[in-house]
Amino acid sequence: MKKKFWLISLMMVMVAFLLVACNTGEQSTQSDGQDKSDTTETPSDNGGDSGEDHEDSSDDGPVKGGTIVGAMHTAPSGVFNPIFYSETYEANILDFTHEALVGQNNSLEFIPELAYDWEINDDQTAITFFLEEGVKWHDGEAFTADDVVFTYQTIADPNYTEAGGIRTEYVTPLKGYQEYVNGETDEFEGVVAEDDYTVTFYFEEPNVNPLYYASFPIIPEHKFAGVDVMDMPSHPATLDPGEVVGTGPFVFTDMVEREQYILTANEDYWQGRPYLDQIIWRIVDQSVMTGLLETGEIDFIADPEGVAPADYETVKGFGNIEIIEQTDFGYQLMGFKLNYRTPEDAEAGKINPDNWVENPDVADQKVRQAIAHAINRPGLVQGLLYGRGSVINAPIAQQFWAYTEDVPSYDYDPETAARMLDEAGYVDADGDGWRDFPNGDEWVLDLAYPTGNKLRERSAPVLEENLEAVGINVNLHPPKEFSAYLDDIFYNDTPDKKVDLYLLGWSLSSGDPDPSGLWNIEAQYNISRWNNAESDALIQKALQTPEAFDQDFRIDVYHEWQNLFATDLPAVLLYAQNKIYAFNDRLRGVDPLPYSFINNPHLWWVTDGK
Amino acid sequence: MYKYVIRRILIFIPMLFFLTVIVFILAKSAPGDPFSTMLDPNVDQQVFEERREALGLNDSLPVQYVRWISSVIQGDFGQSLVYNGREVSELINDRFMNTIYLGLVALFFTLIVAIPIGIYSAKNPYSPLDYFATGFGFLGLAIPNFFFGLIAIYVFAIHLGWFPAQGTVSNPNISGFQEFLDRIHHMILPGITLGLAGTATYMRYMRSEVLDVLGSDYVRTAKAKGMTDRNVLYKHTLRNALIPIITLMGFEFGVLVSGAVITEQVFNYPGLGTLFIDSTINRDYPVVMALCLIFGAFILVGNLLADIFYSVVDPRIRYD
């Protein structure tokens with residue numbers, strides 16, 4: 001009897017499921033109707049526009065109201081605090097909610113944001129900002145100079161890095177930072193409030209680009225006052241929608257974690273209420289993103305991934321989608337591992353050029369230049385990027401005033417490459433079909449690359465093929481997972497790792513073109529271990545005050561440096577990929593910055609707003 | 001019986017302990033840590049070194065393990081290393097029920113398709129429908145999950161608009177019964193996708209078991225006594241044929257929790273599967289360890305439940 005009961009209850013559970021299934025049937029027909037009406041709206045909207053020219057219909061001017069949906073493929077990890085977040089996915093939300101004293105315009109000049117004006121002293125050691133009055137935080141409190149002081153003071157706090165913060169670059173050049181972070185004093189002299197609406201940044205030394213340091217988003221003191229910096233990352237004002245407070249045009253009001261993040265118009269925004277009522281970020285798998293864009297379920301695809309180059313034509317074919325294509329800040333490179341570190345130095349995490357072990361495989365500058373000629377870079381851009389990118393020769397973002405095309409460039413020319421290798425003495429000595437060292441020793445180049453970036457993964461065999469075509473024996477390593485790969489080329493880049501060529505991509509900062517972080521001899525991220533004193537001297541010179549206060553001076557020096565780079569060639573720059581933004585043409589007023597889709601979102605509007 | 005269950009549960013403890021030791025060693029021997037992939041020219045490596053030191057990642061393995069296990073014993077899974085400041089238990093909680101619901105829906109779809117078809121195929125072996133079901137079942141087994149999921153999204157979500165394409169709920173502001181229906185609505189496509197592969201397995205098992213039992217002596221005896229086919233099937237055959245199905249479901253119980261990484265990914269359904277993969281890639285040790293512990297516990301419990309159900313279904317099986 002007892003046993004029968006078990007069986008019966010099992011069956012009842014199953015019957016219960018059946019009932020649920022019936023309910024779901026009803027539900028699906030209901031929202032079926034809703035979805036249909038949504039999708040029929042989009043094409044009619046498109047038809048009314050007659051083609052892609054959206055200017056003519058905008059004589060009606062912006063309309064208030066409406067909601068748009070943006071898509072990104074990875075969810076933010078949930079730290080909605082400018083001083084603690086570390087991923088671009090959070091930035092997609094914080095860019096709507098928080099503001100800095102200064103922003104940037106299309107030519108990457110710093111422009112007023114929360115500060116309407118500023119004064120820089122003659123030797124550029126102090127900069128005084130005059131703040132907008134009447135700016136309110138989302139919860140109604142007034143924004144003042146104290147908030148600015150609080151933000152920078154928190155980043156300078158001795159426990160800030162231990163609490164998980166990584167933005168100390170904004171405070172390190174400020175006056176008294178060392179004393180403050182070492183706990184020698186309680187007074188932080190770097191940022192001082194003169195009165196409620198005037199704040200001065202003091203620098204330890206004359207600073208070439210002081211405005212950059214004021215471009216960090218401000219957090220509200222009243223929300224975090226009295227909170228120990230160690231507790232800030234887990235504070236509700238960091239984690240919870242409704243509690244996260246900024247001065248920006250949109251308020252982070254609600255979320256379904258890892259699915260939807262809802263931003264609502266800030267009614268009291270100091271530059272006027274946004275036209276849109278709501279902006280919703282949805283997390284969408286990359287493979288269905290374009291499909292949802294077509295049906296109008298999502299309105300825009302922007303940073304960090306944008307539309308894949310392979311999907312460009314498809315998306316363009318939808319008809320109701322506007323596409324903005326612009327150069328990305330960054331590049332992919334094939335680096336030459338010029339020097340290795342000794343195991344002792346690597347173990348201790350030391351960068352000591354005196355101990356470096358030179359890598360004979362790529363030590364000859366002429367050989368590196370020949371390799372650059374052997375690589376079909378236009379072919380990579382065409383084949384992998386479908387033409388949605390460019391070949392570059394200098395490692396400074398193309399958008400910067402400092403960038404120049406006028407450097408030695410290496411056209412795809414296998415014959416020149418072969419000739420240069422012959423001249424350098426790298427010929428086939430033992431008749432095995434591969435080139436050898438001038439002294440007859442066997443010459444093999446080891447090419448290592450990581451998994452993750454699909455385009456980069458696919459470029460590795462192409463590079464192998466290109467190099468083998470000019471007689472270079474390439475040993476293509478199997479791809480490694482990124483952490484393991486970094487151990488080989490970066491954390492423990494010792495001679496026994498036998499890496500000669502490595503693939504990597506860098507995203508560059510839009511704040512300043514200074515390349516020292518990647519290419520200085522002793523820079524940690526100088527993964528090639530490029531040991532060129534002339535380069536260091538030039539990079540240093542470009543920041544030398546007072547000459548460097550003059551931008552023309554810096555331009556000249558950077559041009560010289562880029563020439564040196566392209567000649568000595570610590571890395572072949574493979575390509576710079578274009579960023580492809582796509583959005584439904586009912587969305588108007590979009591005006592992306594060179595580095596971000598999100599610019600003045602309070603001026604975005606939709607044609608069907610009410 | 002009760003003695004048996006208690007004994008089994010007591011054995012779980014050392015098993016789980018060894019599981020955590022092994023997973024811990026494996027996880028730690030993978031190169032890198034949560035900070036090793038954060039390459040940012042604007043951030044000094046020293047910053048990450050300080051974080052490592054603060055989090056105790058530089059301590060020796062035994063020290064780190066003892067620290068971890070002693071806080072787990074006190075019921076604290078610690079904080080995630082990647083999701084700055086988030087409690088591991090909170091991260092898992094958020095997704096645990098999502099995963100369970102999805103697993104149940106998938107299992108439900110599997111069973112309502114597989115069992116009736118399996119029975120039908122067994123009763124009418126080598127009939128056209130039997131062949132069709134077999135073919136269909138193997139097709140289901142052969143189609144990769146993500147492919148079927150994508151097709152389902154394109155057909156049923158994007159073109160027909162019957163189901164939502166992504167996520168678990170359409171809007172954070174609904175609640176109560178409406179939310180329940182909305183969640184079910186979101187689960188249908190991923191549920192079917194996830195259940196598809198299992199369908200073939202269950203169907204084949206059901207078919208061969210029923211066929212087996214139908215040919216056995218006691219069924220012939222029952223028929224000889226004049227029982228109807230229907231009664232023979234439901235009273236005598238099914239009960240015996242269910243045993244292997246229960247074994248399968250016991251295993252499934254563990255799989256249910258460990259989630260379906262690919263299905264979750266394609267439908268952007270936040271469950272434990274994607275959390276597990278993400279935290280492994282990010283070297284988020286506290287999350288990896290906590291998940292392994294949970295997965296292990298569920299698999300053990302699933303096996304135990306299967307054993308218990310055996311004796312319920314088949315009185316000949318007894319545990320002492």
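A few comments on the model shown:
This table checks each residue for (1) aromatic (Phe, Trp, Tyr); (2) within 23 Å of A:GLN382 (Cα to Cα); (3) in contact (Cβ under 8 Å) with a residue 60 or more places away in the chain.
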site: A:THR416; (1), (2), (3): no, yes, no
site: A:ARG419; (1), (2), (3): no, no, no
site: A:GLY425; (1), (2), (3): no, no, no
site: A:VAL444; (1), (2), (3): no, no, yes
site: A:GLU465; (1), (2), (3): no, yes, no
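- Residue in region A:416-428 that is assigned to a strand (DSSP E or B), more than 29 Å from B:PRO41 (Cβ to Cβ) and modelled with pLDDT of 90 or more present: no
- Test: B:GLY149 is within 11 Å of chain A (Cβ to nearest Cβ), in a helix (DSSP H, G or I) and under 30 Å from B:MET289 (Cα atoms): yes
- So B:LEU196, is it buried (at least 18 other Cβ atoms within 10 Å of the Cβ), within 24 Å of A:VAL284 (Cα to Cα) and either aliphatic (A, V, I, L, M) or not assigned by TED's automatic domain parsing to the domain that holds B:ASN231 (or both): yes
- Breaking point among (1) at pLDDT 90 or above; (2) within 15 Å of A:ALA402 (Cβ to Cβ); (3) away from every other protein chain (no Cβ under 14 Å), for A:ALA542: (1)
- Counting only helices (runs of 4 or more DSSP H) wholly contained in region A:336-384, the ones carrying 2 or more residues that are more than 27 Å from A:TRP443 (Cβ to Cβ) and under 29 Å from the mean Cα position of the chain (by Cα) occupy A:377-383.
- Selection of first residues in region B:303-320 that are closer than 22 Å to B:ILE11 by Cα and within 11 Å of chain A (Cβ to nearest Cβ) and of second residues that are surrounded by 15 or more Cβ atoms within 10 Å (Cβ to Cβ) and acidic (Asp, Glu), restricted to Cβ pairs under 7 Å at least 6 apart or on distinct chains, gives an empty result.
- Checking each residue of region A:348-355 against the condition of being hydrophobic (A, V, I, L, M, F, W, C) and in contact with a strand residue (DSSP E or B) (Cβ under 9 Å, 6 or more places away or on another chain) gives no match.
- Among all positions in region A:142-161, there is at least one residue which is outside any helix (DSSP H, G or I) and touching a Gly at 6+ places or on another chain (Cβ under 7 Å).
- Check on A:GLN326, in contact with a Leu (Cβ under 6 Å, 6 or more places away or on another chain), of a type in the set (S, T, N, Q) and not in a loop (DSSP other than H, G, I, E, B): no
- Test set (1) buried (at least 17 other Cβ atoms within 10 Å of the Cβ); (2) within 30 Å of A:ASP354 (Cβ to Cβ) - A:ALA582 fails condition number: (2)
- Residue list for region B:149-192, restricted to those being small (Gly, Ala, Ser) and either surrounded by fewer than 19 Cβ atoms within 10 Å (Cβ to Cβ) or more than 20 Å from the chain's Cα centre (by Cα) (or both): B:ALA152, B:ALA157, B:GLY161, B:ALA165, B:SER170, B:SER175, B:GLY176
- Condition met for A:ALA348 (among the hydrophobic types (A, V, I, L, M, F, W, C), free of Cβ contacts under 8 Å to residues at least 60 places away in the same chain and within 14 Å of chain B (Cβ to nearest Cβ)): yes
- Residue match in region A:506-515 (condition: closer than 22 Å to A:TYR410 by Cα and out of contact with any Leu (no Cβ under 6 Å at 6 or more places or on another chain)): yes
- Qualifying residue in region A:459-474 (condition: closer than 30 Å to A:GLU347 by Cβ, within 14 Å of chain B (Cβ to nearest Cβ) and either crowded, with 16+ Cβ neighbours inside 10 Å or out of contact with any Pro (no Cβ under 6 Å at 6 or more places or on another chain) (or both)): no
- Those residues of region A:492-526 which are within 14 Å of chain B (Cβ to nearest Cβ), aliphatic (A, V, I, L, M) and closer than 20 Å to A:VAL474 by Cα, in sequence order: A:LEU503, A:LEU504
- Test for B:SER121: is it in contact with an Asp or Glu (Cβ under 7 Å, 6 or more places away or on another chain) and in a helix (DSSP H, G or I): yes
- Test for A:LEU593: is it of a type in the set (A, V, I, L, M, F, W, C), surrounded by fewer than 22 Cβ atoms within 10 Å (Cβ to Cβ) and within 30 Å of A:THR295 (Cα to Cα): yes
Here is a yes/no grid of residues against (1) on the phi > 0 side of the Ramachandran plot; (2) surrounded by fewer than 19 Cβ atoms within 10 Å (Cβ to Cβ):
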| residue | (1), (2) |
| --- | --- |
| A:GLU189 | no, yes |
| A:ALA193 | no, yes |
| A:PHE201 | no, no |
| A:LYS223 | no, no |
| A:ALA237 | no, no |
| A:GLY242 | yes, yes |
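- Helices (runs of 4 or more DSSP H) fully within region B:191-281 counting 3 or more residues that are farther than 26 Å from B:LEU150 by Cα: B:217-224, B:238-258
- The condition of being modelled with pLDDT of 90 or more, assigned to a loop (DSSP other than H, G, I, E, B) and small (Gly, Ala, Ser) holds for only one of A:GLY431, A:GLY440, A:GLY387, that being A:GLY387.
- Residue within region B:159-170 that is of a type in the set (Val, Ile, Thr), facing another protein chain (nearest Cβ under 9 Å) and assigned to a helix (DSSP H, G or I) present: no
- Of residues in region A:247-297 being of a type in the set (Asp, Glu) and not in a strand (DSSP E or B), the one farthest from the other protein chains (Cβ to nearest Cβ): A:ASP268
- Looking across B:ASP33, B:ASP59, B:ASP130, one residue alone is outside the structural domain of B:MET187 (by TED's automatic domain parsing) and under 32 Å from the mean Cα position of the chain (by Cα). It is B:ASP33.
- Residue match in region B:48-67 (condition: within 11 Å of another protein chain (Cβ to nearest Cβ) and crowded, with 21+ Cβ neighbours inside 10 Å): yes
- Residue ID - farthest from the other protein chains (Cβ to nearest Cβ), chosen from residues in region A:225-246 that are among the hydrophobic types (A, V, I, L, M, F, W, C) and within 17 Å of A:GLN153 (Cα to Cα): A:ALA225
- Which numbered condition A:HIS222 misses (of (1) in contact (Cβ under 8 Å) with a residue 12 or more places away in the chain; (2) at the interface with chain B (Cβ under 9 Å from one of its Cβ atoms); (3) assigned to a helix (DSSP H, G or I)): (2)
The values are calculated or read from the model by the stated rules, or taken from the named source; none is laboratory data. Bear in mind the structure is a predicted one, so any value in this text is a computation, not a measurement. Note that we place each Cβ from the backbone using ideal geometry, even for glycine, and neighbour counts take in every protein chain shown.
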